[in-house]
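Step one of this worksheet: look at the structure below.
Each reported figure results from applying straightforward, stated rules to the coordinates on display, with no laboratory input. Remember, it's a predicted structure, so these values are computed and weren't measured experimentally. Backbone-built Cβ (ideal geometry, glycine too); neighbour counts: all protein chains shown.
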């Protein structure tokens, strides 16, 4: 396993699926199968943009290329190598992103009516997983960062309280790390949850690189989580939508998990995406430490240089995410960086901007960022809105599944207080659902949404043009 983290082993690393695709392409086969472009028939413009070889490798389940949902050949071998690299008992390639992995975790571990404890700062894919599974959520309030106006992780004390109050809970679903790179004492939390008989599910979409450097937090798989989702396209080199679901231990039925994955993933998986997962794993095993060490040194240097500026470097355990705060609008800074320096950030918020780096970020990029920050005309005394906390979770009038399938109607959002939300509404930033399906809408929640909008953020989900979708009658 790569958890040794000190240095990657300089050995020949196999890439079974990549090698199978290369061998197949060299065979000069004749196509009487999907996809319709047959490897050469795509439009000239898109081939110029993406390269004709991408289309040649865009194949289907042919002899020698294996099948994602019934793997017996190179896909099975590639997944086994991924399990070895991250230390799981079984790993599954995901071609529909971490979203499909999160939904499969809930489908595989929760039945309709089962209670699941969930971090309040969960991704919207968790909400959709509740709709699909019929599970009943009990939301755990995260700690709050007053300076940034952001949710952090869920404390162990909060976890103990929730477990004591909900002895019937079947599963616990946590975010590790947060979007900002914050982590909790996950190992202690997992031990506590296991003692109470809960299955632990971890959305570690932003933590797939943790296993490859000693100065990063421990990987959720190594800490004993039962199911862990990694977005290999977020911090590794896999193509977008490429992710991996890891299973460890015996608490999750592997057959039920496989069936859940069949339900939420396409039956026509992308071979380029799967091959990129195989290659990304091999790359991190051989090059991950060196690449991350380079970024670690860049982070330390940039942090030191910002000490003498008007900016604040916000320290998080995952130092590949650079959160830089200022006495002014993060939205204004991000816009200026994009327009004046063609420099694009990962996340922008009230008074800060998050810059995502990875194992391959060159030193020139951090130098360009520093130069741009030093030349930004910081506005003096600019008013700045920053929320004091997320709105309290409203009363759950019905389950997310019941609310989703109930008849609903659109009402002006100012007239929605006391009604039951039909869908979830996620303000960006920070991308955490504020209204949940089945939840009674409060004035506090509407005030928060209005503040996000006025500060320059956006609202997505069940809100459009000032209207909210609400349940017509009680569930």
TODO: Among 109, 309, rank each residue by its count of other Cβ atoms within 10 Å, from fewest to most, as a rough exposure measure.
DONE: 309, 109
- [ ] Mind running the shape call on segment 1-144? Use the C-alpha gyration tensor, a ≥ b ≥ c as the square roots of the eigenvalues: rounded below 1.5 for a/c, prolate if a/b tops b/c, oblate otherwise.
- [x] prolate
- [ ] Please identify which residues in segment 312-336 have an amide N closer than 11 Å to a label point set 7 Å out from the Cα of residue 304, following the Cα→Cβ vector.
- [x] none
TODO: Would you mind pulling out the separation of the Cα centroids of segment 424-457 and segment 154-211, in Å?
DONE: 24
Task: C-alpha center-to-center spacing [segment 305-356, segment 401-423] in angstrom - done: 36
Task: Contour excess over end-to-end distance, with Cα ends at residue 155 and residue 263 and 0.36 nm allotted per residue - done: 35.5 nm
TODO: State the Kirkwood hydrodynamic radius of segment 400-471 in Å, one decimal place, computed from all pairs of distinct Cα atoms.
DONE: 11.8
- [ ] Provide 284, 105, 263 in ascending order of the number of other Cβ atoms located within 10 Å of each residue's Cβ, fewest first.
- [x] 263, 284, 105
Task: the chain - mean residue ellipticity at 222 nm from DSSP helices (-39,500 (n - 2.57) per run, n ≥ 4, rounded to 500) - done: -11500 deg cm²/dmol
- [ ] Give the Rg (one decimal place) followed by the Dmax (whole number) of segment 288-374, computed from C-alpha coordinates and expressed in Å.
- [x] 12.3, 36
Task: Global form of segment 2-285, assessed from the alpha-carbon gyration tensor, a/c cut-off 1.5 - done: prolate
- [ ] May I ask for the percentage of alpha-carbon pairs in segment 312-459 that lie more than 22 Å from each other?
- [x] 51
Task: Stokes-Einstein diffusion coefficient of segment 217-300, Kirkwood radius over Cα pairs, 10 °C, 1.306 mPa s, in µm²/s - done: 108
TODO: Using the number of other C-beta atoms within 10 angstrom as an exposure proxy, rank 405, 32 with the fewest first.
DONE: 32, 405
TODO: Would you give the gap between the C-alpha center of segment 50-97 and the C-alpha center of segment 233-299, rounded to a whole Å?
DONE: 10
Open item on the list: For the pair residue 19/residue 293, report the inter-label distance in nm, with labels modelled 7 Å from Cα in the Cβ direction.
Closed with: 2.8
Task: Gain on full stretching of the segment that runs from residue 144 to residue 185 - 0.36 nm per residue minus C-alpha separation - done: 13.1 nm
Open item on the list: Rg over Rh of the chain, using C-alpha atoms and the Kirkwood radius, what does it come to?
Closed with: 0.97
Task: Rounded to 5, the percent of DSSP beta bridges in the chain classed as antiparallel - done: 70
TODO: Can you bin segment 65-163 into rounded, prolate or oblate? Criterion: square roots of the alpha carbon gyration tensor eigenvalues sorted a ≥ b ≥ c, rounded for a/c under 1.5, prolate for a/b above b/c, oblate for the rest.
DONE: prolate
